[in-house]
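The values are calculated or read from the model by the stated rules, or taken from the named source; none is laboratory data. Not measured: the values here are computed from a predicted model. Reconstructed Cβ throughout: ideal geometry from the backbone, glycine too, with neighbour counts over all protein chains shown.
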């Protein structure tokens, strides 16, 4: 069966135009599907342990999202905790991540903002954790620009409070102004972590 080229334009500029139009039709839905998958689905990673000999244990949860921002902030916060003598476990919110809050002295929830809401994997994981049994909790709300993190902070704060978590620190960090990009946000996160004593 031969491919019929009757509909294929003969002139070069028409071929380029046709390919461009087809690309505009096909690429945006594929890109949107990838973005929706990346922000709404659980990403399973291995549990990372920093300073296994720390005096008390903290669990840091973050959803990787679309960039390295959440990862960088979560690890910077963990580094701050380690500098103050904490044992830190870092995981992404998924069915493989720890759910028993009673094993930890501190929970750090790094929630990314998409469309003015916290990321779905973090919210699902908080539901899986259930009762937080009065665990001290830090909420680090992340967003690309100013304003979005505050909405996420409020939503996560409501869930943590209703699950009997004790919120000891709220931190809103932005990948753009006013935190001067990723570097500024990670410096603020590390400093905030270093201020929490075990």
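Does residue 81 count as within 16 Å of residue 169 (Cα to Cα), modelled with pLDDT of 95 or more and surrounded by fewer than 24 Cβ atoms within 10 Å (Cβ to Cβ)? It is false that residue 81 is within 16 Å of residue 169 (Cα to Cα), modelled with pLDDT of 95 or more and surrounded by fewer than 24 Cβ atoms within 10 Å (Cβ to Cβ).
Hey, among the residues in segment 107-122 that are modelled with pLDDT of 95 or more and more than 13 Å from residue 65 (Cα to Cα), which one's surrounded by the fewest Cβ atoms within 10 Å (Cβ to Cβ)? By that ranking, first place goes to 107. Just a yes or no: is a residue in segment 162-171 at pLDDT 95 or above, out of contact with any strand residue (DSSP E or B) (no Cβ under 6 Å at 6 or more places or on another chain) and in a helix (DSSP H, G or I)? Checked segment 162-171: at least one residue is at pLDDT 95 or above, out of contact with any strand residue (DSSP E or B) (no Cβ under 6 Å at 6 or more places or on another chain) and in a helix (DSSP H, G or I). Tell me which of these residue 71 doesn't satisfy, since it passes every other one: (1) touching a residue at least 24 places away in the same chain (Cβ under 8 Å); (2) part of a helix (DSSP H, G or I). It fails just one condition, (1). Is one or more of the residues making up segment 27-48 at pLDDT 80 or above and touching a strand residue (DSSP E or B) at 6+ places or on another chain (Cβ under 6 Å)? Scanning segment 27-48, I find at least one residue that is at pLDDT 80 or above and touching a strand residue (DSSP E or B) at 6+ places or on another chain (Cβ under 6 Å), so the answer is yes. The residue of segment 144-161 that is farthest from residue 118 (Cα to Cα), among those that are at pLDDT 85 or above and crowded, with 17+ Cβ neighbours inside 10 Å, is 160. A residue that is in contact with a helix residue (DSSP H, G or I) (Cβ under 7 Å, 6 or more places away or on another chain), surrounded by 19 or more Cβ atoms within 10 Å (Cβ to Cβ), more than 16 Å from residue 62 (Cα to Cα) and without any contact (Cβ under 8 Å) to a residue 40 or more places away in the chain can be found somewhere in segment 128-143.
Of everything listed in (1) closer than 18 Å to residue 73 by Cβ; (2) surrounded by fewer than 24 Cβ atoms within 10 Å (Cβ to Cβ); (3) in contact with a strand residue (DSSP E or B) (Cβ under 8 Å, 6 or more places away or on another chain), the single unmet condition for residue 104 is (1).
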